[in-house]
1. So what is the 222 nm mean residue ellipticity for the chain from helices alone, if each DSSP H run of at least 4 adds -39500 (n - 2.57) and you divide by all residues, rounding to the nearest 500 deg cm²/dmol?
2. Tell me the angle of helix 110-157 to the major Cα principal axis of the chain, expressed in degrees between 0 and 90 and rounded to the nearest ten.
3. Please name whichever of MET106, TYR132, PHE116 sits farthest to the positive end of the charge dipole of segment 54-152, dipole taken about the Cα centre and charges placed at Cβ: Lys and Arg +1, Asp and Glu -1.
4. Taking the highest mean first, how do the peptides 24-37, 81-94 order by number of other beta carbon atoms within 10 angstrom per residue?
5. With unit charges on the beta carbons (Lys and Arg positive, Asp and Glu negative) and the dipole taken about the Cα centre of the chain, which residue among VAL30, ALA52, ILE41 sits farthest to the positive side?
6. Only four residue types carry charge here, +1 at the Cβ of Lys and Arg and -1 at the Cβ of Asp and Glu. Report the dipole size of segment 2-157 about the Cα centre in Debye, rounded to the nearest 20.
7. What nm distance separates the two modelled labels at VAL97 and ARG55, each placed 7 Å from Cα along Cα→Cβ?
8. Rg and Dmax of segment 93-152, Cα atoms, in Å?
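What follows draws every value from the coordinates through simple rules; no lab data is involved. Everything numeric in this text was worked out from a predicted model, so none of it was measured. FYI the Cβ positions are ideal-geometry reconstructions off the backbone, even for glycines, and counts take in every protein chain you see.
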Amino acid sequence: MAKEKILFLSSILSITAGIAMVLGGIGGIVYTYTSIAAESIITPKDATIPNAPVRGPLTLKSQADVILLHTLTSTEGKRFAQMPRTLPKLDAAGNPVLDEKGAPVMAPNEKRSTWFNAVALMTALQLGMLTYAFSALSFVLGLLFLLNGYVFCALRKS
């Protein structure tokens with residue numbers, strides 16, 4: 001009798017958890033898709049998936065990769081930490097501007113700002129990829145929980 005109660009309780013808990021996980025997985029995928037679609041991003045022609053609307057994990061990765069490529073191109077292959085914080089300010093002729101003591105006037109390195117923006121965009125795209133992965137995992141695990149619940153229920157009756 002105790003075995004039947006444990007199997008019944010296990011089947012109810014497993015089925016309940018399975019339904020919640022399947023619904024959560026579907027909800028996560030739908031939410032991520034609609035959030036990304038609202039941004040109306042199209043991959044550029046030099047992306048691994050060219051001229052495609054960014055919607056799923058593959059186009060998210062393609063867009064993140066091309067942002068990285070463009071950023072590395074604009075910074076001559078240097079990453080954020082590899083660039084100096086400031087550079088000498090130049091006049092119209094390309095000569096360093098000097099202060100009253102004869103020292104070069106320093107200005108913020110704008111390429112570091114470019115990197116900062118690129119990292120923010122790439123991180124958002126990669127989080128979208130991660131959200132798809134976790135939603136799919138939740139969905140698959142939910143199906144397994146449903147199957148376990150069915151098996152527990154069948155064992156109870158035997």
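1. About -24000 deg cm²/dmol.
2. That works out to roughly 10 degrees.
3. The one lying farthest along the dipole's positive direction is TYR132.
4. Averaged packing, sorted descending, gives the order 24-37, 81-94.
5. It is VAL30.
6. With only Lys, Arg, Asp and Glu charged at Cβ, the dipole is about 700 debye.
7. Reported label-point gap for VAL97 and ARG55 is 4.9 nm.
8. 26.7, 84
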